[in-house]
1. Return the only residue of Ile83, Ile43 being among the aliphatic types (A, V, I, L, M) and over 16 Å from the mean Cα position of the chain (by Cα).
2. Taking the residues in the stretch 118-146 that are crowded, with 21+ Cβ neighbours inside 10 Å and not in a helix (DSSP H, G or I) as candidates, determine which candidate is nearest to the ligand (Cβ to nearest atom).
3. Among the residues that make up the stretch 143-156, is at least one of them among the polar types (S, T, N, Q) and within 26 Å of Ile27 (Cα to Cα)?
4. Taking only the stretch 53-96 into account, find how many residues are open to solvent by less than 10 Å² (accessible area, probe 1.4 Å) and either part of a strand (DSSP E or B) or within 12 Å of the ligand (Cβ to nearest atom) (or both).
5. Quick check: anything in the stretch 157-172 in contact with a Ser or Thr (Cβ under 9 Å, 6 or more places away or on another chain), open to solvent by less than 70 Å² (accessible area, probe 1.4 Å), under 14 Å from Pro119 (Cβ atoms) and free of Cβ contacts under 8 Å to residues at least 40 places away in the same chain?
6. Kindly indicate whether any position in the stretch 32-41 is within 16 Å of the ligand (Cβ to nearest atom) and open to solvent by 10 Å² or more (accessible area, probe 1.4 Å).
7. Of everything in the stretch 97-111 that's outside any strand (DSSP E or B) and polar (S, T, N, Q), which residue is nearest to Lys6 (Cα to Cα)?
Amino acid sequence: MRLRNKPWASERISDHPQYVVAEPQEIKGQWNKEFGNDNPIHIEVGTGKGQFVTEMARANPDVNYIGIELYESVIVTALDRLIEAGLPNVKLLNVDAKNLTEYFASEEVSRVYLNFSDPWPKNRHEKRRLTYKDFLKLYEDVLIKGGEIHFKTDNQDLFEYSLKSFSWYGLHLNFLSLDLHKSDFEGNIMTEYEEKFSAKGQRIYRVEAQYQNQ
Ligand code: SAM
């Protein structure tokens, strides 16, 4: 993701705390209260410019979505999208996912989405990959028992690495697709990266990985 310097982003974000939650650690364990309902909470880690969470929230009003994004300069575009959409069931967190357990209590999250995560191809950067075992532990700590990670990418190496990492961790792999757009999967909602890469003819890989801790 190319980062542009946007000095105004910080102020725009703090002007909209109903969308970009300012002190998410204070809401830990109370996200349902924050949304004002008991609907399940699905998070997208590395949400980028927010197309996926916004369109998922529009399509599924009975699910609460939270998009997590590290960079202000990126999340500000997701914020503009949310302001325009005016949906009550989606929020954003401008935080690093490595601190996930500071923001969510055990079993507070019903599903984790990872879409087109940064591949970090060098071995020495393995720990930064969002499917590295330490991240799988963090997701397990906040997910319901038997919770799922839904993962999509165009990057074959990252996909293969992630399948191994999921299997090593003991997750069950379901609905594995090596070419999502030519599969019979229904209701796919595209991310910005997915649109960009599939327009270039690249295939999209997808899998659902489920924790076996019921
Ligand atoms: N999911 C979007 C899509 O498919 O269009 C964006 C994909 S982009 C390649 C990956 C995004 O993940 C970047 O915006 C990056 O800043 C974010 N990201 C990477 N590591 C993260 C972390 N540890 N915590 C939060 N966001 C992270």
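The values are calculated or read from the model by the stated rules, or taken from the named source; none is laboratory data. Please read these numbers as outputs of a predicted model, since none were measured by experiment. Cβ placement follows ideal geometry from the backbone for every residue including glycine, while neighbour counts extend to all protein chains displayed. Just the protein is used for accessible areas: all its heavy atoms, side chains included, with ligands, DNA and RNA removed. Shrake-Rupley method; radii C 1.70, N 1.55, O 1.52, S 1.80 Å.
1. So the residue among Ile83, Ile43 that is among the aliphatic types (A, V, I, L, M) and over 16 Å from the mean Cα position of the chain (by Cα) is Ile83.
2. The selected residue is Leu130.
3. no
4. 14
5. yes
6. Checked the stretch 32-41: no residue is within 16 Å of the ligand (Cβ to nearest atom) and open to solvent by 10 Å² or more (accessible area, probe 1.4 Å).
7. The qualifying residue nearest to Lys6 (Cα to Cα) is Asn99.
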